[in-house]
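The block underneath contains the structure these notes are about, expressed in structure tokens.
Every number here is computed from the coordinates shown, using simple stated rules; none is lab data. This structure is a prediction, so every number in the text was calculated from the model and none was measured. No Cβ is skipped: glycine too gets one built from the backbone with ideal geometry, and neighbour counts run over all protein chains shown.
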Amino acid sequence: MAKRVSASNVTAYYGGFKAIENINLTVEPKTVTALIGPSGCGKSTFLRSINRMHEVLPGARVEGSLTIDDQDIYDRDVDVTAVRRTIGMVFQRPNPFPTMSIFENVVAGLKLNGVRKKSILEDAAEKALRAANLWGEVKDRLGKPGAGLSGGQQQRLCIARTIAVEPQVVLMDEPCSALDPISTLAIEDLMFQLKDKFTIIIVTHNMQQAARVSDRTAFFSIEKTGDPGRLIEYDNTQKIFSNPSVKKTEDYITGRFG
Amino acid sequence: MTTTATSHRTRPPAQPDSLRAKRLPWYAAPAIAVAALALSAVLVYGTSIGGPVLVVVLGAILYLVGLFAAANAVEGRRSARNRTWSALIHSAFVLAVLPLVSVVWTLVSKGADRLDVNFFQTSMNNIGARDANGGAYHAIVGTLEQVGIATLITVPLGVLCAIYIVEYGRGKFAFAIRFFVDVMTGIPSIVSGLFVLAFWVLIVSPWFNDGRPSFSGFAAALALSVLMLPTIVRSTEEMLRLVPAPLREGAYALGVPKWKTILRVVLPTALPGIVTGVMLAIARAAGETAPVLLVAGGGAAINTNPFENNQSSLSLFVYQQAGDASKYAPARAWTAALTLVALVLILTIAAKLLARRNRLSR
């Protein structure tokens, strides 16, 4: 199920602006990798280029190569929708579809991709909601609007929606930044469980969170505003947080910069 | 505490000793209103310079001045301003609603005379100047068919055009389309009627009609389409732009293709607003007289076929009856006008009910 993600010389632009430059890193299957770094250093841009969401914005493009188990997702004959089905994404702000019920939200990815059989959808919904630790809270109101849930529940609904299509890699762009500590804990627990099946890459501003949930950590930074973001250090989380090999990483982690 | 925030002032504002302040009693405002009206009546009738309208207008001004003075004396300046502006805003609301109420009242009171079964079952065929009956059945049929066909043409076209502009259009071509849609918004209805007359009635319709040009309800529908299209495109465009980008991205991230995202996520989210825009366009089209007169020709008889021969419409019926010499005609015109307004109202309510977030909005 889970796949290896490997980036080599990935450079991403917004029009004329170079947001990240020459990113090289490999994410092993069934691990959690945290991307940390100051605001504007290109973590999210890099994350979005992994499932080709970067190019959704007008003028945005990516150079270099990004492979999923040796398939370059930026090859000319690659189907973008297939890439995104393989690499799911959870966003910073929960974004359930407002016109759909909880049930419809969870199975949206399946339904909109042509799965019609009710029994399959119901099984998939229950499985995904259980995996997202939301089943107990919503099982009696699956027909109610998804937008009526609390923020933390909405975010878990979005995670359920993402894993319902059974991707191999799950990208999370600051999934807890809009949530309270209890919901954050629920989602962190969830990441531990999901690690058995998926490769997870998470962008976070919360160092403790990175230290708690991730196996490996990548530190991104920029020289100054307007410069492209670069990967400064990428290592086991324990090493990064106890004995980083680059001075800049240590400064950032200890709070002396950024 | 507050000194840091207000340090740019020469001195910090005095902190009130108490959070309570003097308030005008509840009966002050109505009392001032009554006094203002009374004073105004005395002034107007005493000097006999005007009638009841002037009394109300002058009374309103006196009320505002009196209210400000009283509040200023008792409650202080901020509160006085608040009361005055609140009163002004309420007056603006009353002024805006007044014409609406007046129109509805006029329509209902004058239209009630002929609001009978006969009016909705008969046409004006063979109705002479001395016949008291006669009805608008043919006109109602005409309006429904013409506006219906125009809606069938413009809603898909307009919504697709808006989708192109918002979701796909890049560069000069999309800009040009937007520009011409804006230009179309300003087309006078008579010009759209002339366009259809010159293009459809005179050039195209002879092909279907043994070489003779023919008026038809369909030609009227085409002219109405020209008028409805820009309204629908612009309102749909605005509504689509209001759909948050994260919703689209959420669908893309599930591997949903763009066209399906638009169809199943973006359009449903924008639907209530789109329906409102469509209803505005329909209401405008239903009230158009000039293009129908030019290309459908009007007529007194019932013609349920929109593709052949003259057809009337409710607004055209109103126009013709209002200008008719028969003493029974004005009553028919009023009832037709009432019917037209009621028809648009019913359509609007029905559309709103349908578009309401079905079971989810509960």
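Using Cα pairs closer than 8 Å and at least 6 residues apart in sequence, work out the relative contact order for segment B:120-361, in percent.
For segment B:120-361, the relative contact order is 29 percent.
What order do you get for A:80, B:141, A:106 when you list them from fewest to most C-beta neighbours inside 10 Å?
By the 10 Å Cβ count, ascending: A:80, B:141, A:106.
Which order do peptides A:4-16, B:99-111 fall in by mean Cβ count within 10 Å, highest first?
Packing proxy ranking, top to bottom: A:4-16, B:99-111.
Starting from segment A:136-238, pick out the trypsin sites (Lys or Arg not before Pro) whose DSSP state is loop and whose Cβ has at most 10 other Cβ atoms within 10 Å.
A:224
Running a GNM on chain A with Cα contacts under 10 Å, which residue among A:101, A:49, A:242 ends up with the highest mean-square fluctuation?
The residue that fluctuates most here is A:242.
Efficiency by 1/(1 + (r/R0)^6): what FRET value for residue B:110 and residue B:351, r their Cβ-Cβ distance, R0 = 30 Å, to the nearest 0.05?
Step by step, r from the Cβ atoms, then E = 0.60.
Rounded, prolate or oblate: which fits segment B:148-259, taking a ≥ b ≥ c as square roots of the Cα gyration tensor eigenvalues, rounded meaning a/c under 1.5, else prolate when a/b beats b/c?
Since a/c reaches 1.5 and a/b is larger than b/c, the shape of segment B:148-259 is classed as prolate.
For a test of the definition: using alpha carbon positions, the gyration tensor, and the 1.5 limit on a/c, classify segment B:218-349 as rounded, prolate or oblate.
prolate
Taking the convex hull of the Cα atoms, report for segment B:84-178 its projected area averaged over all directions, in nm².
12.6
What distance in nm separates the simple spin-label points at residue A:55 and residue A:212, each placed 7 Å from Cα in the Cβ direction?
Taking the two extended label points, one gets 3.7 nm.
Give the Cα extents of the protein assembly as shown along the principal axes, in whole Å, largest first.
Between the extreme Cα coordinates on each principal axis of the protein assembly as shown lie 103, 85, 50 Å.
For segment A:139-258, place one equal point scatterer on every Cα, skip the solvent, and apply the Debye formula. What is log10 of I(q)/I(0) at q = 0.11, 0.16, 0.19 Å⁻¹?
Log10 I(q)/I(0), no solvent term: -0.46, -0.86, -1.09.
Report the percentage of all Cα-Cα pairs in chain A whose separation exceeds 25 Å, rounded to a whole percent.
Counting pairs separated by more than 25 Å, the tail of P(r) holds 43 percent.
Just the ratio, please: alpha-carbon radius of gyration of segment B:157-198 over 2.2 N^0.38 Å, N its number of residues.
Normalised by 2.2 N^0.38 Å, the Cα Rg of segment B:157-198 equals 1.39.
Arranged by the count of other C-beta atoms within 10 angstrom, fewest first, what order do A:205, B:90, B:138, A:54 take?
The fewest-first ordering by Cβ neighbours comes to B:90, A:205, A:54, B:138.
For residue A:78 and residue A:65 in one chain, what is 0.36 nm times their gap in residues minus the Cα-Cα distance, to one decimal in nm?
Result for the pair: 3.4 nm of gain on full extension.
By how many nm would the segment from residue B:101 to residue B:79 grow when fully extended, if each residue of separation counts as 0.36 nm and the alpha-carbon distance is taken off?
4.7 nm
Which residues among segment B:222-239 fall inside the zone where the amide N is under 18 Å from a point 7 Å beyond the Cα of residue B:168, along Cα→Cβ?
B:233-234, B:236-238
In Å³ and rounded to a whole number, note down the convex hull volume per residue for the Cα atoms of segment B:254-331.
142
Would you mind checking which residues have amide H under 5 Å from residue A:220's amide H? H placed 1.01 Å from N; only 5 or more apart, or other chain.
A:36, A:37, A:232
Helices from chain B with mean Kyte-Doolittle at least 0.0 and a Cα length along the axis of 18 Å or more, per DSSP H: which?
Both cut-offs are met by B:28-47, B:52-74, B:77-111, B:137-163, B:171-185, B:217-242, B:267-286, B:329-355.
Report, largest value first, the span of the C-alpha coordinates of segment B:275-317 along each principal axis, in whole Å.
Projected onto its principal axes, the Cα set of segment B:275-317 covers 33, 19, 14 Å.
Considering all alpha-carbon pairs of segment A:1-148, what whole percent are spaced by more than 27 angstrom?
Value for segment A:1-148: 35 percent of Cα pairs lie more than 27 Å apart.
How far apart, in nanometres, would the label points at residue B:204 and residue B:54 be if each is projected 7 angstrom from Cα along the Cα-to-Cβ direction?
My value for the distance between the label points is 5.9 nm.
Can you pull the three principal axis extents for the Cα set of segment B:28-112, in Å, largest first?
That gives 52, 31, 17 Å along the principal axes, largest extent first.
Given a cut-off of under 8 Å on Cα pairs at least six residues apart, what relative contact order in percent is computed for chain A?
After rounding, I find 28 percent.
Taking the Cβ-Cβ separation of residue B:133 and residue B:309 as r and a Förster radius of 25 Å, what is the calculated FRET efficiency to the nearest 0.05?
Once the sixth-power term is evaluated, E becomes 0.55.
So for segment B:223-309, averaging the separation of alpha carbon pairs under 8 Å that are six or more residues apart and normalising by length, what relative contact order in percent results?
Across segment B:223-309, relative contact order equals 42 percent.
For A:85-93, what's the mean count of beta carbons from other chains sitting within 10 Å of each residue's beta carbon?
3
Starting from the Cα-Cα distance between residue B:121 and residue B:22, subtract it from 0.36 nm times their residue separation and give me the gain in nm to one decimal.
Between residue B:121 and residue B:22, full extension yields 29.0 nm more.
For chain B, count the residues as N, evaluate 2.2 N^0.38 Å, and divide the Cα radius of gyration by that value, please.
1.40
Give me B:232, A:50 sorted ascending by neighbouring Cβ count inside 10 Å, so fewest comes first.
Ordered from fewest to most neighbouring Cβ atoms within 10 Å, B:232, A:50 come out as A:50, B:232.
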